[in-house]
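Q: Have a look at this one before I ask anything.
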Amino acid sequence: MYDPVLVDDTGLTLSAWNGLPSALVAWLLDSVGTQGILDMTANLTDRAATVTTAVRYADSNGIQVVTGTLQGTLATEQRGANGFGYDEIFIPAGGNLTFTEMPSEQKSLVSHRRLAVDALRTEPELATAATPTSSAPTPKPAMPASMVPPVSAPGT
């Protein structure tokens with residue numbers, strides 16, 4: 001591997017749908033939009049939903065994968081404007097606002113992507129450099145701080 005690589009993927013799962021659509025949510029949103037998802041789930045009594053982000057970091061030392069998961073519920077109508085993906089229909093547990101209705105600062109504090117990035121920052125292999133042997137040069141930390149994405153980026 002030549003340069004470090006950081007990628008992520010996010011999925012929305014519905015308990016009543018046995019964990020679907022998961023990572024296929026982007027395809028589903030492209031096909032039917034958030035209103036289409038709401039139409040397909042209109043008669044569900046179990047509206048439990050989970051959003052998960054998996055972050056993968058790879059460099060010459062290997063690959064690390066961490067996740068951030070947030071429980072919540074699926075709203076019964078679109079709420080808020082200028083959201084991203086399913087933000088206007090997902091309500092995090094313990095609250096009554098969809099991601100779109102939250103100020104970006106609040107969303108950044110509770111988001112599944114934030115949880116995943118925080119987990120990545122605490123990975124021992126990434127947080128500190130390995131102890132060098134007497135004949136080896138001092139290794140650089142596996143992940144420079146500049147590679148960690150901001151947690152309050154629009155659309156996250």
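Q: Could you compute how fast the range 37-94 diffuses translationally, taking Rh as the Kirkwood radius over C-alpha pairs and applying Stokes-Einstein at 4 °C with viscosity 1.567 mPa s? Give it in µm² per second.
A: Stokes-Einstein gives a translational diffusion coefficient of 96 µm²/s.
Q: I'd like the distance between the alpha-carbon centres of the range 5-53 and the range 61-114, rounded to an integer number of Å.
A: The distance from the Cα centre of the range 5-53 to that of the range 61-114 comes to 12 Å.
Q: With θ set to phi - 60°, apply the Karplus curve 6.51 cos²θ - 1.76 cosθ + 1.60 along the range 49-63 and write out the HN-Hα couplings as whole Hz, x wherever there is a Gly or Pro.
A: So the J values, rounded to whole Hz, are 9, 9, 10, 9, 10, 9, 10, 10, 10, 10, 8, 5, 8, x, 10.
Q: Same structure, new question: Looking at S31, Q71, L14, which one has the Cα that reaches farthest to the positive end of the dipole of the range 5-122 (charges on Cβ: Lys, Arg +1; Asp, Glu -1)?
A: Q71
Q: How many nm is it between the label spots at Q35 and S104, if each spot is 7 Å from the Cα in line with the beta carbon?
A: Rounded to a tenth, the inter-label distance reads 2.7 nm.
Q: While we're on this one: Once you have the Kirkwood Rh of the range 5-122 from its Cα pairs, apply Stokes-Einstein at 10 °C and 1.306 mPa s and quote D in µm²/s.
A: After rounding, the answer is 108 µm²/s.
Q: Note down the relative contact order for the range 5-122 as a percent, whole number, built from C-alpha pairs under 8 angstrom at least six residues apart.
A: Normalised by residue count, the contact order of the range 5-122 is 24 percent.
Q: For a label point 7 Å from the Cα of S15 along Cα→C-beta, name the residues of the range 50-83 whose backbone N is under 12 Å from it.
A: 50, 71-74
Q: Next question. Calculate the dipole size of the range 5-122 relative to its Cα centre from +1 charges on Lys and Arg beta carbons and -1 charges on Asp and Glu beta carbons; express the result in debye to the nearest 20.
A: 240 debye
Where a number appears in this text, it was derived from the coordinates with a stated rule and is not lab data. For clarity, every value in this text was computed on a predicted model and none was experimentally measured. Glycine gets a Cβ as well: all are built from the backbone with ideal geometry, and neighbour counts include every protein chain shown.
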